[in-house]
Amino acid sequence: MTQAYDTLIIGAGMSGLAAGIRLAYYDQSVAIVERHKTIGGLNSFYRTGGRDYDVGLHAVTNFTPKGAKKGPLSRLLRQLRFQWEDFALAPQNQSRIAFPGVSLAFSNDIMLLEAEIARCFPDQVQAFANLRSQVLEYDDLDQAAFEISTRKVLGQIFSDPLLIDMILCPLMWYGNARQHDMDWGQFCIMFRSIFLEGFARPLRGVRLILKHLVKKFRSLGGQLLLRHGVQEIVRDGDQAVGVILDDGREIQAKRILSSAGWVETQRLMGQSEVAVQQEAGQLTFIETITTLDCMPAKLGMEDTIVFYNDSERFDWRPPQDGLCDVRTGVVCSPNNYLYADDQQLSDGVVRITSIADFERWRSLDEAAYRREKLRWYDLSADSAVRFVPEFRHHAIDTDMFTPTTIKRFTWHDNGAVYGAPQKRLDGRTQLENVFVCGTDQGFVGIVGAIISGISIANQHCLK
């Protein structure tokens, strides 16, 4: 007998799980199908060598303290009926934007960044205040704002190109699929989530968030079907009627939400491969994870996250020559959050992220792949220790993932972490009852992905 549901959700990432919970609260029959044996997509976790590793999670953005009534975090807690304590978020210590000769510290209090700009760029203080006012006036659902160049807007506000690059650096690193420039709408979303709200992390990492999402979804009667990859979305005219799975089975549904990505969803709907590939994102990364025999703070590494750049201009694009571009990167230590006094990670950890080239990594044979992982571990660390203390002589274990790893677990073309450059805020596709949620809807990060699933469910499945 063919299974049938009110809503079928493709992908068990944050947005898919959130959408499923929201719909299940309203007595819809909901199934989430996931190709892999694990949940979370890029924001997942794994265990090797007796240690747990987060994938994707440096920080939960959009942090607001307990009791706050406004902001995306408060909204998702209300909409999904969680308690603030369920996610057990510890705020960051302090982070930093580091360029040659100048460094700007910031925290979850915007006043620190304002003071740092006054110290390093005294003639740009009023301009930063003007920028903050513009960001606060931005409408999250204004599709037209995604057609405006952020570099053009910032060039009209600031007279110092270095400060423009320093402001863009963390925002692009944590949520920009477009090369060189950034959509103004995406900039405003990221500026709010990082500078006006801030970073936090559960002590147990992303697994705690995923555990609560899955437990809630199943408790409401939702079905989570792992190892159920979708081969095709079946259509009848302008409507989808269901999907065909990789094993040939069919599932029927009144509507479909896809968190697989815009490009990937277009392919499932039978769009031409040439057209699909033209829309695919290109920005992907390597990430090294080093376990230490001490806490990073003992080495003088007290920042939670360091966004660094060591080129004449901040250059946000895939490597032009070689497997990676290590001139810019992110160093994160999950130890440097303000956990409760009786809580701390058992090991010191340093994570370094660098821009990579998917096609070059994919073309390597197995032996070359292993060699290059070792080589680029050293090269990315060599780059990072220009801005953070040397840590490698305290390493007791290492691991690394590459763009091919990202492709395997997210199914995104080119291992594109932030999906396609063109975002669809309303989630609509050419089929009347198929909608995208997640990264390619336009909200990024863990809280953003959850809000995306909620908003698309509310707009298109609950009215």
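The values are calculated or read from the model by the stated rules, or taken from the named source; none is laboratory data. Being a predicted model, the structure only gives us computed values, none of them experimental. A quick note on method: Cβ atoms are made from the backbone with ideal geometry, for glycine too, and the neighbour counts reach across all protein chains shown.
Identify, please: which residue in segment 380-393 is part of a helix (DSSP H, G or I) and surrounded by fewer than 18 Cβ atoms within 10 Å (Cβ to Cβ) and is, among those, farthest from the chain's Cα centre (by Cα)?
H393
Quick check on my filter: what residues within segment 12-25 are in a helix (DSSP H, G or I) and of a type in the set (G, A, S)?
The initial filter retains those residues of segment 12-25 that are in a helix (DSSP H, G or I), namely 14-24.
Once the filter is applied, which keeps residues that are in a helix (DSSP H, G or I) and of a type in the set (G, A, S), segment 12-25 yields S15, G16, A18, A19, G20, A24.
Scan segment 322-332 and give yes if some residue there is among the hydroxyl-bearing types (S, T, Y) and either over 24 Å from N414 (Cβ atoms) or modelled with pLDDT under 95 (or both), otherwise no.
no
Which one is surrounded by the most Cβ atoms within 10 Å (Cβ to Cβ) among residues in segment 54-94 that are β-branched (V, I, T) and within 21 Å of I189 (Cα to Cα)?
V60
For segment 136-147: of the residues being surrounded by fewer than 17 Cβ atoms within 10 Å (Cβ to Cβ) and of a type in the set (A, V, I, L, M), which is modelled with the lowest pLDDT? I'd like the intermediate steps shown before the answer.
As a first pass, look at segment 136-147 and keep what is surrounded by fewer than 17 Cβ atoms within 10 Å (Cβ to Cβ): 136-144, 147.
Filter once more, so that each one left must be of a type in the set (A, V, I, L, M): 136, 141, 144.
On the way: L136: 91, L141: 72, A144: 81.
It comes out as L141.
If you scan segment 42-53, which residues turn out to be surrounded by 19 or more Cβ atoms within 10 Å (Cβ to Cβ), assigned to a strand (DSSP E or B) and of a type outside the set (F, W, Y)?
S44
Test E372 against the criterion of being surrounded by 17 or more Cβ atoms within 10 Å (Cβ to Cβ), touching a residue at least 40 places away in the same chain (Cβ under 8 Å) and not in a strand (DSSP E or B), and give yes or no.
yes
Can you list residue pairs whose Cβ atoms sit under 7 Å apart, with the first residue in segment 172-190 being closer than 16 Å to V153 by Cα and the second being of a type in the set (D, E)? Count only pairs 6 or more apart in sequence or on different chains.
Close Cβ pairs satisfying both conditions: G185/D142; I189/D140.
Return the pair list, or none, for Cβ contacts closer than 9 Å from residues in segment 31-42 that are of a type in the set (S, T, Y) to residues that are surrounded by fewer than 20 Cβ atoms within 10 Å (Cβ to Cβ) and at pLDDT 85 or above, at least 6 apart or on different chains.
As it stands, the answer is T38/L226, since those pairs meet every condition given.
Within segment 404-416, is there a residue that is outside the structural domain of G261 (by TED's automatic domain parsing), touching a Leu at 6+ places or on another chain (Cβ under 9 Å), more than 17 Å from L57 (Cβ to Cβ) and among the β-branched types (V, I, T)?
yes
Residues are listed down the side, and each one gets a yes or a no for (1) in the same structural domain as G13 (by TED's automatic domain parsing); (2) modelled with pLDDT under 90:
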position: T48; (1), (2): yes, yes
position: A59; (1), (2): yes, no
position: K69; (1), (2): yes, yes
position: R96; (1), (2): no, no
position: S103; (1), (2): no, no
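Could you pull out the residue among I9, I39 that is surrounded by 15 or more Cβ atoms within 10 Å (Cβ to Cβ), touching a strand residue (DSSP E or B) at 6+ places or on another chain (Cβ under 8 Å), part of a loop (DSSP other than H, G, I, E, B) and at negative phi? Reasoning before the result, please.
Numbers: I9 fails: part of a loop (DSSP other than H, G, I, E, B).
It is I39.
Applying the selection to segment 352-369, what residues are under 26 Å from the mean Cα position of the chain (by Cα) and assigned to a helix (DSSP H, G or I)?
F358, E359, R360, W361, R362, Y369
With the requirement that a residue be touching a Ser or Thr at 6+ places or on another chain (Cβ under 8 Å) and exposed (fewer than 13 other Cβ atoms within 10 Å of the Cβ), what does segment 104-133 give you?
D123
Do any residues in segment 113-124 that are over 22 Å from N93 (Cβ atoms) and without any contact (Cβ under 8 Å) to a residue 12 or more places away in the chain have Cβ atoms under 8 Å from those of residues that are part of a helix (DSSP H, G or I) and among the basic types (K, R), where the two are at least six apart or on different chains, and which pairs are they?
none
The rows are residues; the columns are (1) over 27 Å from the mean Cα position of the chain (by Cα); (2) modelled with pLDDT of 95 or more.
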residue	(1), (2)
K215	no, yes
Q223	no, yes
G242	yes, yes
R267	no, no
E273	no, no
E279	no, no
I286	no, yes
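When T405 is evaluated against the numbered criteria (1) over 28 Å from A280 (Cα atoms); (2) of a type in the set (S, T, Y); (3) in a helix (DSSP H, G or I), which criterion, by number, is the only one it fails?
In the conditions (1) over 28 Å from A280 (Cα atoms); (2) of a type in the set (S, T, Y); (3) in a helix (DSSP H, G or I), T405 misses (1) alone.
Return yes or no: is R151 under 30 Å from Y26 (Cα atoms), free of Cβ contacts under 8 Å to residues at least 60 places away in the same chain and surrounded by fewer than 19 Cβ atoms within 10 Å (Cβ to Cβ)? Explain how you work it out, then say what you get.
Details: under 30 Å from Y26 (Cα atoms): no; free of Cβ contacts under 8 Å to residues at least 60 places away in the same chain: yes; surrounded by fewer than 19 Cβ atoms within 10 Å (Cβ to Cβ): yes.
No.
Looking for whichever is in contact with a strand residue (DSSP E or B) (Cβ under 9 Å, 6 or more places away or on another chain) and at pLDDT below 95 here; the options are D357, D310. Which one fits?
D310
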